[in-house]
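Notes for the one structure printed next.
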Amino acid sequence: MNANAPVKINRPLHWFAVLAAVATFLLLGAGGLVTSHEAGMSVPDWPNSYGYNMFAFPVSKWTGGIFYEHTHRLWASVVGLMTTILAVWICLKDSRKWMKWLGLAAFLLVVLQGILGGLRVVLIDADLGVVHGIVGQTFFVLMCAIALFTSRFWIELASRQKNFSVPRGLRGHILFVTILIFLQLILGATMRGQHAGLAISDFPLAHGKIWPDTSADAIARYNANRIEVTNVNPITAFQIILQMVHRIVALVIFIGVAAAVGLSVKRLGKKDSLTKLAIFWLALIVLQIALGIATVLTNKAADVATAHVLVGALSLVTGALWCIIAFGRNVAVCDRRIEEQCSQSAATISGETAFAANK
Amino acid sequence: MRIFSNFLLVAILAAMPVARAADITGVITFKGTPPPEADIGPTMTAASPDCAAMYDPAKMPTTHFYVVGAKGEFADVVVSLKDADGKDITGKSTGASAPPAVLDQKGCLYTPTILAIQTDQKLTVRNSDPCIHNVHITSTAGNPEHNDPQMPGGADLTYTFPKPEMFLTFQCDVHHWMFAWVSIFDNPYFSISDKDGKFTIKNVPPGKYTIEANHRKLGAKTQSVEVDDKDVTVNFTFEAK
């Protein structure tokens, strides 16, 4: 990748990429609502809906969970179409070879994601639902990256004289926290994929203790006293430990992002765009933790739990874009140094040649 | 002479001890205060007003995990026999010739919510509602899983299950508060306690057994029981946890 490569700015392509990324974000929300309303299996067939062609399924039948699952499928079709157009557009109009590969990757990923969603329904496999959730988050990162790479900001990154490289330690720290957020999203998707409701329904304690009792007797007692309207599967010790790990990792992420802000201010300065992005990132993490607590205290209210999924996705994307921009800046600085060295070398060589000629 | 010999034969047969199957009866009692049931009304109203419209707003349905009478009579407890060592009795199913059991979807609820059948016995799932349901069956014991649509007025769905399983889950994802649990036995020796807490396991051959009472929330309790030619009474008491 060469940020200095002469690339023509294509504003319509960029704004279409942004639109596709926004559509993907909304699709994550629609998918989150499906799981939050336990509606993933409410349309038993795929790609048809109750025997109808998906696009001809009468609106009058979009009742209960069908509404969430069917609108998710329709919106996914829109995102699939937008991704296909985007990939073709990039292939035709973007001169960067790696961007063409990225467009192709987005197309393949959206196809894979659609098939995963369909197989989850047809094979009645809840584990595939977890994979579907994780691939959805990954696809969102990819779509946001494409939107970034087609932007004026990215293309002109090389020509900005103010750019200076991001220290390796800071880059490594933020990459680490971003990976941790991705792992946290996998934990979250696994928790939601259990379809067992809240394994721990109190906060800040857990079943009344700092570390909950997970003995067989305790689990039996928790289940005996849980009166659920939905999510009626019994909870297990594994699910309780999963939620405890999720809580601990959330704390580690908060500390990690707060440290990222401190390091950015120290190394890059308060006014640097990456410092501002890190501050935004911290605000997202604080919001995400508040939503996580609210998810517990509202007994996993569907809207709150879905907002938790969405802010989680934004947190991942923010970290990922921070890393990409830092990488891009370093490449740009590196290229500029090489150019300067080349210019100096050329000047030296031409000077030596002139000297020799004069001699 | 012939009349006399026939009479003698009948007298001998009548005098011979014949092993007779007996019934096991009993009462299940709940001691203590069960957790309060949850109101399904708000969820039903928000997700599916057409379902909520089937009820008087003042009498919306609740969950019924703990069906307990005034004197502690405990309903919906699955009582079954195991062998003397506490192992499942297998290979005794008469399910293939037994009449089908029926699970109905009525008022956007499953009726009954607790049911027991034999392996290979037909289970008919009916939709008595004017709305779409999906019948989603989830097994933890290797029974076939299904997710089938059932339109209003649609034909009954029929299932059979080859493996014994406690509390096989039936759910409707269109209406995500709808659940039923079907227990499957490889023998005919089981019963479910009624609203008076009473149960009867009929025609149990003589022998030593373990009798198990299993409640979906409170788990299982067991006792040893010996059956000869007389009916046996076994009672269970569950307590709040």
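The values are calculated or read from the model by the stated rules, or taken from the named source; none is laboratory data. Predicted model, so just to flag it, every value in this text is computed and none were measured. We place every Cβ from the backbone using ideal geometry, glycine too, and count neighbours over all the protein chains shown.
Brief remarks follow.
- Once region B:37-82 is narrowed to residues that are away from chain A (no Cβ under 11 Å), in a loop (DSSP other than H, G, I, E, B) and among the acidic types (Asp, Glu), the residue that is surrounded by the fewest Cβ atoms within 10 Å (Cβ to Cβ) is B:ASP56.
- Tallying residues that are surrounded by fewer than 17 Cβ atoms within 10 Å (Cβ to Cβ) and either at positive phi or modelled with pLDDT of 95 or more (or both) within region A:271-293 yields 8.
- Evaluation of A:GLY129 against (1) within 14 Å of another protein chain (Cβ to nearest Cβ); (2) under 21 Å from the mean Cα position of the chain (by Cα); (3) more than 30 Å from A:GLN288 (Cα to Cα) (one fails), failing number: (3)
- Count of residues meeting criterion [at pLDDT below 95 and either of a type in the set (A, V, I, L, M) or out of contact with any Lys or Arg (no Cβ under 7 Å at 6 or more places or on another chain) (or both)] in region B:210-230: 2
- Scanning region B:174-196 for residues that are closer than 22 Å to B:VAL232 by Cα and either at pLDDT below 95 or crowded, with 24+ Cβ neighbours inside 10 Å (or both) yields B:PHE185, B:SER193.
Matching residues to (1) modelled with pLDDT of 95 or more; (2) closer than 30 Å to B:ALA180 by Cα; (3) surrounded by 18 or more Cβ atoms within 10 Å (Cβ to Cβ):
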{"residue": "A:PHE153", "(1), (2), (3)": "no, no, no"}
{"residue": "A:GLU156", "(1), (2), (3)": "no, no, no"}
{"residue": "A:ILE186", "(1), (2), (3)": "yes, no, no"}
{"residue": "A:LEU198", "(1), (2), (3)": "no, yes, yes"}
{"residue": "A:ASP217", "(1), (2), (3)": "yes, yes, no"}
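- Qualifying position, being within 30 Å of A:ASP202 (Cα to Cα), part of a helix (DSSP H, G or I) and either of a type outside the set (A, V, I, L, M) or touching a His at 6+ places or on another chain (Cβ under 8 Å) (or both), among A:TRP322, A:TRP281: A:TRP281
- Selected residue (criterion: nearest to the other protein chains (Cβ to nearest Cβ)) from residues of region B:170-206 that are charged (D, E, K, R) and not in a strand (DSSP E or B): B:ASP173
- Candidate set from region A:28-52 (those that are in a loop (DSSP other than H, G, I, E, B) and touching a Leu at 6+ places or on another chain (Cβ under 9 Å)); member that is nearest to the other protein chains (Cβ to nearest Cβ): A:ALA39
- Residue match in region A:53-68 (condition: within 29 Å of A:LEU198 (Cα to Cα), of a type in the set (S, T, N, Q), out of contact with any Cys (no Cβ under 6 Å at 6 or more places or on another chain) and within 14 Å of chain B (Cβ to nearest Cβ)): yes
- Being in contact (Cβ under 8 Å) with a residue 24 or more places away in the chain, in contact with a Ser or Thr (Cβ under 7 Å, 6 or more places away or on another chain) and either surrounded by 12 or more Cβ atoms within 10 Å (Cβ to Cβ) or not hydrophobic (A, V, I, L, M, F, W, C) (or both) is a description that does not apply to B:GLY32.
- Residue tally, condition of a type in the set (Ser, Thr, Tyr) and surrounded by 13 or more Cβ atoms within 10 Å (Cβ to Cβ), over region B:91-102: 1
- Test: residue in region B:90-102 that is under 17 Å from the mean Cα position of the chain (by Cα) and under 28 Å from B:ALA240 (Cα atoms): no
- Of all residues in region A:82-108 being in a helix (DSSP H, G or I) and among the polar types (S, T, N, Q), the one that is surrounded by the fewest Cβ atoms within 10 Å (Cβ to Cβ): A:THR84
- Among the candidates A:VAL18, A:VAL79, A:VAL22, A:VAL111, residue that is out of contact with any Asp or Glu (no Cβ under 7 Å at 6 or more places or on another chain), crowded, with 23+ Cβ neighbours inside 10 Å and more than 14 Å from chain B (Cβ to nearest Cβ): A:VAL79
- Residue in region B:153-169 that is farthest from the chain's Cα centre (by Cα), counting only those that are within 12 Å of another protein chain (Cβ to nearest Cβ) and of a type outside the set (A, V, I, L, M, F, W, C): B:GLY154
- Residues located in region A:9-53, provided they are in contact with a Ser or Thr (Cβ under 7 Å, 6 or more places away or on another chain) and either small (Gly, Ala, Ser) or more than 15 Å from A:PHE67 (Cα to Cα) (or both): A:ASN10, A:LEU13, A:HIS14, A:ALA17, A:ALA20, A:GLY29, A:ALA30, A:GLY32, A:SER36
- Restricting attention to region B:113-152, the residues that are part of a loop (DSSP other than H, G, I, E, B), more than 14 Å from every other protein chain (Cβ to nearest Cβ) and within 19 Å of B:ASN214 (Cβ to Cβ) add up to 3.
- In region B:224-241, the residue that is surrounded by the most Cβ atoms within 10 Å (Cβ to Cβ) out of those that are more than 18 Å from the chain's Cα centre (by Cα) and within 14 Å of another protein chain (Cβ to nearest Cβ) is B:LYS241.
- Test for B:THR138: is it surrounded by fewer than 18 Cβ atoms within 10 Å (Cβ to Cβ) and touching a strand residue (DSSP E or B) at 6+ places or on another chain (Cβ under 9 Å): yes
- Candidate set: region A:221-274, residues that are under 26 Å from the mean Cα position of the chain (by Cα) and among the hydroxyl-bearing types (Ser, Thr, Tyr); chosen: the one nearest to B:VAL67 (Cα to Cα): A:SER264
- Residue within region B:207-220 that is surrounded by 13 or more Cβ atoms within 10 Å (Cβ to Cβ), on the phi > 0 side of the Ramachandran plot and outside any loop (DSSP other than H, G, I, E, B) present: yes
- Residue check for A:ALA224: touching a Lys or Arg at 6+ places or on another chain (Cβ under 7 Å) and either of a type outside the set (S, T, N, Q) or away from chain B (no Cβ under 14 Å) (or both): yes
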